[in-house]
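K.L.:
The structure's right below; bear with me while I get my questions together.
Derivation of every value follows stated rules applied to the coordinates shown; laboratory data play no part. This is a predicted model, so every value here is computed, not measured. Cβ placement follows ideal geometry from the backbone for every residue including glycine, while neighbour counts extend to all protein chains displayed.
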Amino acid sequence: MLDPIVKEENIWLAGYSRRPSSRVLQRKNQAAFLVDVTGEKSPSPESFYKNESVFGQLGEPHRFP
């Protein structure tokens, strides 16, 4: 059996509609853009494994709660 491949992953703030201003994570293949605690959108310095969610791989949880 093959492992799944995550091609796209998006996370929005709870209680808000799904629109770009409420998105806190956008992933396409192995690259991701994250919104940090200050509200800045920045590219992730890490490359993520294609068969795992970003949640299990995020290396700076203090910046991206």
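K.L.:
What's the longest uninterrupted piece of the chain once you rule out the trypsin sites (Lys or Arg not before Pro) that are loop residues per DSSP with at most 15 other Cβ within 10 Å?
P.N.:
In short, 19-49.
K.L.:
Would you indicate which of (1) 1.25; (2) 0.95; (3) 0.98 is the value of Rg/Rh (Cα atoms, Kirkwood Rh) derived from the coordinates of this structure?
P.N.:
(3)
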